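For reference, the structure is listed below as structure tokens.
Here, each number is a calculation from the coordinates, and none is a lab measurement. This is a predicted model, so every value here is computed, not measured. When we count neighbours, we look across all protein chains shown, and the Cβ atoms used for this are built from the backbone with ideal geometry, even at glycine.
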Amino acid sequence: MQKPFFSGLFFGFFLFFQLLQGQQNTAEISALIFQKTNALRAAKGLPAFQPLDSLNQLAQYHSDNMVSKNFYDHIDPEGLNPVTRAEKLGIQAWRRKGNRFIGIAENIAQVPWFENVLGCGDTRSAEALAECMVEGWKNSPPHYKNILGDYVYLGVGIQFTPKAMGYGTQVFR
């Protein structure tokens, strides 16, 4: 009679450590999202995005905020959009190109770590989760437009809920 208890306990620990592993790989997942996004640009003959620490911080801030405040939107509970959020944090939100200014753009995504995801399959690795997020953006015209847009810099952030839902953010400038 004790075998089912111990096997259930073992399975519970296994699930916990699988979840923990995903949450510890946020830097790896962010780097993979960055690489896969640049691969999409390269396939279209576009220059690669350059990393920018301030945009990474802004993207991570938004992913953290979505998790801690339990929302999923480009507008946060304070009413800030990507540009006003950047300005509030002292991050340059605009870049000049010729006679025009180009503002920050943002992509967000939700992908679970420990589930099979429709259209993605098993996302229980950094590689698979990053691929699923980037493919989702690629298959969404407004998000893909940002990826192929006239931007120079890209910042990426990811955070997980306690129930293993990954919230990814890309910020373009």
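Among the GluC sites (Glu not before Pro) in segment 51-130, those located in a DSSP loop and surrounded by at most 10 other Cβ atoms within 10 Å of their own Cβ are GLU78.
With all projection directions averaged, the alpha carbon convex hull of segment 52-173 covers 7.7 nm².
Using only side-chain charges placed at the Cβ, +1 for Lys and Arg and -1 for Asp and Glu, the dipole size of segment 44-173 relative to its Cα centre rounds to 540 debye. For LYS97, a cut-off of 27 angstrom between C-alpha atoms picks up these lysines, skipping any fewer than 8 places away in its own chain: LYS36, LYS44, LYS88, LYS138, LYS145.
Seen from GLY155, the other residues with C-beta closer than 11 Å to its C-beta sum to a net charge of -1, counting Lys and Arg as +1 and Asp and Glu as -1.
Take every pair of alpha-carbon atoms less than 8 Å apart whose residues are at least six positions apart; their mean separation over the length of segment 17-173 yields a relative contact order of 38 percent.
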